[in-house]
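The values are calculated or read from the model by the stated rules, or taken from the named source; none is laboratory data. Bear in mind the structure is a predicted one, so any value in this text is a computation, not a measurement. Here Cβ is always computed from backbone atoms with ideal geometry, including for glycine, and neighbour counts include all displayed protein chains. Surface accessibility is based on the protein's heavy atoms, side chains included, excluding ligands, DNA and RNA. Shrake-Rupley method; radii C 1.70, N 1.55, O 1.52, S 1.80 Å.
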Amino acid sequence: MDYQDTLTYLYNSAPMFQQVGSSAYKEGLENTLALDEHFGHPHRSFRSIHVAGTNGKGSCSHTLAAILQEAGYRVGLYTSPHLIDFRERIRVNGRPIPEEYVIHFVEKERNFFEPLHPSFFELTTAMAFRYFADEKVDVAVIEVGLGGRLDCTNIIHPDLCLITNISFDHTQFLGDTLAKIAEEKAGIIKKDIPVVIGETIPETKPVFLKKALETGAPVYFAEENDREDYPGIECELEGIYQKKNTRTILTVLPLLQEAGFRLDEQSVRSGFAHVTELTGLMGRWQKLQDAPTLICDTGHNVGGITYIVKQLKQQTYRRLHIVIGMVNDKDIRGVLALLPQEATYYFTKASVKRALPESELKELASTAGLQGSCYPDVPSAVRAAQKKSLPEDFIFVGGSNFIVADLLANRNALNLH
């Protein structure tokens, strides 16, 4: 098999949540534990940091990895979903896992894992941990896939746990209240291991305090952190929500130093300033064009869109154009209710099975007072927005990770930088 054949095999034999949604979700750790034992418990050979949360975990994970890289560590980074290439999920010092490793892993191990019928994420996690061990990383930043308590990354014994925030997302699996969702994500809190909570609300803070008390885990709330260890620190990642992510990371750093990590000021400042170059992060208030300005962002739930709308209100433009598509298992009405009515909308759909048809999105949007036209795919929607925009206009592209993924995959054809 070549690389594309291998990916096709993985997507077809191990259903991917990214593509098909709930049918790919497997509750419980039985497969994960079987895979972990088969591969020799690879996660025990490196230190780790475990990151959960509804929004912001990708930005926090990548920034922590960048800081650790700048401090001289060999750093594994495991995140999801990918935007363009599967290999984005598994990186060492910013470099994606080689195609050859992915091919060899599947060819060598398929006779073992096929009878287990693992999910795509279970298999990918096993691959990541084995790769990090083979590459002899010093530390790996491991992002939770979904939830926390039953997520297959939750077999690790990290130096520190981080939970960014809690918002409504994946309620069919995690619960229909913020307290229930917090309880699932609090499942990564472990005995005597410090945990940082990035953001709380009245419904979630008691959940974290209770779990920390039960496990004897020291708990730190970033909202209460008024230290100024790095005054004037410059962050490459833009977007007003990054201010909370920054405060969260700055709460984490002294705890990592207490755990024995050598993190000097220059490494910290450089990591914040060069996170995309160091780690390959994309899609966080990412600017792809000037005159008209074109920005994309992967925020895709009520919590994420709330910040995006605040950010849009801070922009200066003649006219606002919004290219939007969503997947069918999100709180679509909740998101649409937040969006500005004065914008011109370009309703579209991403190239995944979970994508909501653009005509249905337009119909739902009209009940929220949003007006626009339908386009069958992201490139055609973006081209239409570009054609109708003057240099002083502003184009925003988002609503889903997959909309941003399709945009980035077609950036050359759209003349975007």
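Overview of values
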read-out: Over 27 Å (Cα to Cα) - which of Lys310/Lys388; Lys330/Lys388; Lys313/Lys388 fall in this group; value: Lys330/Lys388
read-out: Gain upon complete extension [Asn412, Gln257; 0.36 nm per residue less C-alpha separation]; value: 51.6 nm
read-out: Mean Cβ neighbour count within 10 Å, used as a protection proxy, ranking 314-322, 373-381, 192-200 highest first; value: 192-200, 373-381, 314-322
read-out: Surface share of carbon and sulfur [accessible, 1.4 angstrom probe, percent] for the chain; value: 49 percent
read-out: Farthest toward positive dipole pole in the chain [+1 Lys/Arg, -1 Asp/Glu at C-beta], among His117, Pro98, Pro202; value: Pro202
read-out: Cross-link partners of Lys191 among lysines (Cα-Cα below 29 Å; sequence separation of 8 or more within a chain); value: Lys26, Lys57, Lys136, Lys180, Lys205, Lys210, Lys211, Lys244
read-out: Directionally averaged shadow of the range 222-339, computed from the convex hull of its alpha-carbon atoms, nm²; value: 9.8 nm²
read-out: Scattering profile of the range 95-137 at q = 0.13, 0.19, 0.24, 0.27 Å⁻¹ [log10 I(q)/I(0), Debye over alpha-carbon scatterers]; value: -0.27, -0.58, -0.89, -1.07
read-out: Dmax and Rg, reported as Rg then Dmax, of the chain (C-alpha, Å); value: 20.9, 59
read-out: Gain upon complete extension [Asp331, His157; 0.36 nm per residue less C-alpha separation]; value: 59.3 nm
read-out: The range 286-414 - convex hull of alpha carbons, volume per residue in Å³; value: 88 Å³
read-out: Over 25 Å between alpha carbons, listed pairs Lys185/Lys243; Lys243/Lys353; Lys108/Lys185; value: Lys243/Lys353; Lys108/Lys185
read-out: Gained length - Arg318 relative to Thr215, 0.36 nm times residue gap less alpha-carbon distance; value: 31.7 nm
read-out: Helical segments meeting 18 Å axial Cα length and Kyte-Doolittle -1.0 threshold in the chain (DSSP H); value: 57-70, 99-113, 120-134, 242-258
read-out: Residues of the chain: accessible area per residue with a 1.4 Å probe, Å²; value: 41 Å²
